[in-house]
Amino acid sequence: MTEPSRSFLAQMTLRAAATGPLADLSFAVKDLIDIAGHVTGCANPDWAQSHPPAAAHAVCVEQCLQAGAVCVGKTHADELAFGLSGENAFYGTPRNPAAPDRVPGGSSSGSATAVAAGEADFSLGTDTGGSVRLPASNCGIWGMRPSHGRISVAGVNPLAPGFDTVGAFARDGEVLQRVMSLLLNVDPLLAVSGRLWLLREGFDEAEPAVRKAFEPVLKRLAGNFPSRGISLRSIDGETGISGMDNWLQVFQPIQWAEIWSALGSWVEAARPVLGERTRRNFELAKGLDRRLLPAALAGRERYRAALAGFLGPEDLLCFPTAHAPAPLKGSLGLDRTQGDYFPRVLARMAIAGIGRLPQISLPAVEVEGAPVGLSLLAAEGNDAFLLSAAQGVAAALDG
């Protein structure tokens with residue numbers, strides 16, 4: 001007997017329009033996004049018990065319903081979206097259909113597993129520091145974080161507003177393109193090609209087994225697209241350092257400061273019961289040395305400008321979405337500052353967040369029997385190009 005996916009916190013059938021561009025599709029919604037008449041519980045029981053039902057659908061949900069899609073439920077998440085594992089102390093861990101012994105990734109865990117298990121054609125999630133891109137990679141499906149600010153976050157509970165986005169999951173690129181084009185209010189582009197920039201640090205900082213698995217991928221891509229390697233140092237202009245950690249050092253203080261500003265008052269006043277990992281995350285956010293913020297904010301603008309100057313209208317930055325396959329269930333510690341998994345994941349996720357760039361993770365390789373996705377990033381606002389170009393990349397990999 002197949003183990004249940006545990007993707008959903010609540011299931012329903014909700015339709016607004018009978019026809020439209022998404023009329024043949026079903027979708028699920030992360031428990032951070034409002035559905036009228038239902039409590040947005042943010043995957044924490046105390047939050048759910050202390051907040052009323054939503055008065056209206058989130059704008060992104062309304063867009064999908066009015067386009068004819070049928071909403072089939074609200075999905076699991078990491079508590080208050082402050083996590084990347086998908087392991088929820090109260091509601092359990094959704095089953096990763098691609099690797100059942102491994103975590104699905106978070107915080108949009110249930111949205112990813114519902115799609116991967118075929119329980120919905122697409123799903124809505126949120127991505128602040130990787131919460132769509134990482135579960136997509138871990139579950140072997142497509143996931144997109146759009147350019148920051150291009151999709152409405154009205155009706156979406158905030159985490160870190162300077163990085164929060166609404167993204168989507170799908171099992172194939174065509175469905176993802178239809179959904180994201182609707183949410184972005186752009187016309188889907190016909191087939192386009194792009195120039196691939198293979199980010200050296202993105203490959204070099206991955207585990208050896210991941211690098212090896214990507215060798216045939218790179219050969220196939222080189223045979224189909226103009227491609228060349230590029231160092232992160234050629235983009236950010238830093239000297240005397242190596243790797244990707246400098247991007248995390250810019251991203252993390254801003255994210256933590258925004259999280260505590262957005263949610264700290266409730267945490268302090270309500271004294272909610274939190275899972276141990278979530279409780280520790282909030283301690284880290286509260287304890288941030290805010291003297292780090294001026295330098296981090298200046299660094300964000302410098303790096304964003306560097307990315308804007310580097311990425312042209314047909315450029316794609318390319319690297320493995322994660323440095324390793326999903327960790328085994330129960331293997332991650334309760335403190336994200338201990339060990340190297342979270343820092344290594346977040347460092348590569350920080351590039352799109354800092355640059356406000358659109359990023360797609362698409363299925364690419366298997367490592368130790370588990371998926372690892374390939375990420376493509378385009379210039380800020382070049383979302384329609386990215387959606388079309390990613391389908392071309394996927395076709396080359398399949399061919």
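Data table
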read-out: Sole residue being closer than 16 Å to residue 371 by Cα, outside any loop (DSSP other than H, G, I, E, B) and in contact (Cβ under 8 Å) with a residue 60 or more places away in the chain, chosen from 96, 138; value: 138
read-out: Residue list for region 215-245, filter: part of a helix (DSSP H, G or I) and open to solvent by 20 Å² or more (accessible area, probe 1.4 Å); value: 215, 216, 218, 219, 220, 222, 233, 234, 245
read-out: Residue check, residue 364 out of contact with any Lys or Arg (no Cβ under 7 Å at 6 or more places or on another chain) and of a type outside the set (S, T, N, Q); value: yes
read-out: Matching residues in region 313-331 - criterion: being open to solvent by 10 Å² or more (accessible area, probe 1.4 Å) and charged (D, E, K, R); value: 314, 329
read-out: Those residues of region 215-251 which are on the phi > 0 side of the Ramachandran plot and at pLDDT 95 or above, in sequence order; value: 237, 243
read-out: Residue match in region 191-214 (condition: hydrophobic (A, V, I, L, M, F, W, C) and either at pLDDT below 95 or open to solvent by 70 Å² or more (accessible area, probe 1.4 Å) (or both)); value: yes
read-out: Members of region 41-75 that are open to solvent by 10 Å² or more (accessible area, probe 1.4 Å) and under 18 Å from residue 112 (Cα atoms); value: 70, 72
read-out: Candidate set: region 272-296, residues that are aliphatic (A, V, I, L, M) and open to solvent by 80 Å² or more (accessible area, probe 1.4 Å); chosen: the one nearest to residue 49 (Cα to Cα); value: 273
read-out: Looking only at region 145-182, and only at residues there that are open to solvent by 50 Å² or more (accessible area, probe 1.4 Å) and outside any loop (DSSP other than H, G, I, E, B), the one that is farthest from residue 364 (Cα to Cα); value: 178
read-out: Residue pairs meeting the criteria (Cβ under 7 Å; at least 6 apart or on separate chains; first on the phi > 0 side of the Ramachandran plot, in region 329-358; second assigned to a loop (DSSP other than H, G, I, E, B) and modelled with pLDDT under 95); value: 339/333
read-out: Odd one out for residue 334, checked against (1) touching a helix residue (DSSP H, G or I) at 6+ places or on another chain (Cβ under 7 Å); (2) of a type outside the set (S, T, N, Q); (3) part of a strand (DSSP E or B); (4) open to solvent by 40 Å² or more (accessible area, probe 1.4 Å); value: (3)
read-out: Selection from region 337-368 of residues that are outside any loop (DSSP other than H, G, I, E, B) and either basic (Lys, Arg) or under 24 Å from residue 280 (Cα atoms) (or both); value: 341, 342, 343, 344, 345, 346, 347, 348, 349, 350, 353
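The values are calculated or read from the model by the stated rules, or taken from the named source; none is laboratory data. As the structure is a prediction and not an experimental result, all values here were calculated from the model. Reconstructed Cβ throughout: ideal geometry from the backbone, glycine too, with neighbour counts over all protein chains shown. Keep in mind that these areas ignore ligands, DNA and RNA; they rest on the heavy atoms of the full protein, side chains included. Shrake-Rupley method; radii C 1.70, N 1.55, O 1.52, S 1.80 Å.
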